[in-house]
Amino acid sequence: MATISEADVEFIKRPQGQDVQADRTLTETVQNIIDQVRERGDAALRDYSAKFDKTTPDKFEVSEHEIASALADLDPQTRKDSEFAIAQVKRFAQAQLATMQPLDIETLPGVHLGHRIIPIQTVGCYVPGGRYPILSAPVMSIVPAVVAGCDQIIACLPPGAHPAMIAICHLAGAHRIFKVGGAQAIAAMAWGTESIPVVDKVVGPGNAFVNEAKRQVFGKVGIDALAGPSEIYVIADDSADPRILAADLLAQAEHDVHTRVGMATTSPQIARATLAEIERQLSNLPTAVTAGEAWKRQGEIVICRDEEQLIAWADHMATEHLQVHTRDPHATASKIRNYGSLFIGQNASVVFSDKCCGTNHTLPTMAAARYTGGLWVGAYVKICTHQWIDDHGIAAVAQPAVRQSRTEGMQAHRRAAEIRLLPESIDAITNGDRD
């Protein structure tokens, strides 16, 4: 991959940069929350609920009556659309799982190796509150866990979350739902309380406190990833439509004022037209306060000299969502390797993936796409190896193991191999006569 830097491209609009005025006490604040939840359990959850959510629930778990009420109040068309999204995400997750197969192979005569695909037993799905009730959020974290076959799926969402979110958590397949949000929810799932069981892995995006809590509990439990503000990038040539480019960029920008929104193009004309179109569309966009601020802060437009540089820049950015608007988008896309999810051609809007087409919208940010993909059914299973060796296999592997152990000075290892190679000499080996 060709190396590239900002000095190699021309900026039509340069981002101001991420907001660096974050509270320096974030780490300490979250650590204190985790410690309190670990030590005081539900009592700490009640205190934090009163402090952060301005409510003190009698119980944290959503009852069957509350679920039934949320389902009854759910708009019928919203329910149909949510069930459509659930079906699409499930269908894709099932197809992905089908590509993962158990393995048993005899690598040498008598040496049998393999692996099993084992669902994680208990997963905790964090469902964010935030500016909008994003109904697809629980779908993306819960449905793959259902497909993977996890025994227990826990969902936690802020007490102030829209009631429809409870309904969607249930429809998606959560076994238990709790009204606990923020860093305290992550702590509760990692360490357990009187109400909330300990999980084996925590998944799902959240705010800076949730993200920091996931970072701090990692090791005690597994996590999917650490997520930053959402990102969209578009690469385009002179065949692209500035109206569509602008609409897609603003669609992502309305998530949050910290959203990173950008485009790289080989066409100065498309760059200038898109810049003008963004301003025009902002003038009548109902969510322009948020989208406009995101564009002002983080928006960028870059001109590359040719497609080769365009591809190098896309790989350099390694963004969460990457749209390809070129004459031959499939050919262009095949040359790119760093992205969270790829959207090939102008019909493939990020919006479709965000809501309902079937791919998961929980994706790597902050250039993590250089080394990982997004949330998928594989995140909910373990690939665990096994081996069994018969007498023919001992003849093949024991002597190399003995020699290597002796070279390393690991005499207990050597003995363990020799016992199997020379079973008639077990007493001599274990008494040290052969050392």
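The values are calculated or read from the model by the stated rules, or taken from the named source; none is laboratory data. Quick caveat, the model's predicted, so the values are computed rather than measured. Cβ: placed from backbone, ideal geometry, glycine included. Neighbour counts: every protein chain shown. Each accessible area value is taken on the protein alone, full model and side chains, heavy atoms only, with ligands, DNA and RNA left out. Shrake-Rupley method; radii C 1.70, N 1.55, O 1.52, S 1.80 Å.
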Task: Heavy atoms of S69 accessible to a 1.4 Å probe, total area in Å² rounded to 10 - done: 50 Å²
TODO: Could you check the simple spin-label distance between H112 and I419, using points 7 Å along Cα→Cβ, in nm with one decimal?
DONE: 2.2 nm
TODO: Quote the FRET efficiency, to the nearest 0.05, computed for R272 versus N347 with a Förster distance R0 of 30 Å and r equal to the Cβ-Cβ distance.
DONE: 0.80
TODO: Write down the accessible area per residue of the chain in Å², having rolled a 1.4 Å probe over the full set of protein chains.
DONE: 49 Å²
- [ ] Sort out for me the Cα centre separation of region 350-370 from region 129-143, rounded to whole Å.
- [x] 13 Å
Task: Cα-derived Rg over Rh, computed across the chain with Rh taken as Kirkwood radius - done: 1.07
Task: Dipole of the chain, positive end: most advanced residue of V203, L421, A264 [Cβ charges, Cα centre] - done: V203
TODO: State, to one decimal in nm², a quarter of the convex hull surface area for the C-alpha atoms of region 391-431, i.e. the direction-averaged projected area.
DONE: 2.6 nm²
Open item on the list: What distance in nm separates the two pseudo spin-label positions at N284 and D81, each 7 Å out from Cα along the beta-carbon direction?
Closed with: 2.1 nm
Open item on the list: Ordering I12, I4 by accessible area with a probe of 1.4 Å, largest first, what comes out?
Closed with: I12, I4
- [ ] Binning at 10 Å from 0, report for region 126-215 what percent of all alpha-carbon pair distances ends up in each bin.
- [x] 18, 56, 26, 0
Open item on the list: Quick check on region 228-374: what does the Kirkwood estimate of hydrodynamic radius come out to from the alpha carbon pairs, in Å?
Closed with: 14.9 Å
Open item on the list: Quick check: from the Cα gyration tensor, does region 61-122 come out rounded (a/c under 1.5), prolate or oblate?
Closed with: oblate
Open item on the list: Could you give me D for region 1-107, from Stokes-Einstein at 20 °C and 1.002 mPa s, where the hydrodynamic radius is the Kirkwood radius over C-alpha pairs? Units µm² s⁻¹, please.
Closed with: 101 µm²/s
Task: Listed pairs K90/K355; K13/K296; K59/K80; K201/K382 exceeding 19 Å between Cα atoms - done: K59/K80
Open item on the list: Could you identify which residue out of C356, C304, C384 has the top mean-square fluctuation in a GNM of the chain using Cα springs shorter than 10 Å?
Closed with: C384
Open item on the list: Over the Cα atoms of region 168-216, each weighted equally, I'd like the Debye log10 I(q)/I(0) at q = 0.14, 0.22 Å⁻¹, rounded to two decimals.
Closed with: -0.35, -0.84
Task: Extension gain from A43 to I12, taking 0.36 nm per residue of separation minus the Cα-Cα distance - done: 5.8 nm
- [ ] Once you've got the GNM for the chain with C-alpha springs shorter than 10 Å, pick whichever of D306, D35, D354 has the biggest mean-square fluctuation.
- [x] D306
Open item on the list: Can you give me the distance in nm between label points at S334 and D241, each placed 7 Å from the Cα along the Cα-to-Cβ direction?
Closed with: 2.6 nm
Open item on the list: Using only the Cα atoms of region 182-277, what are the Rg and Dmax in Å?
Closed with: 19.6, 62
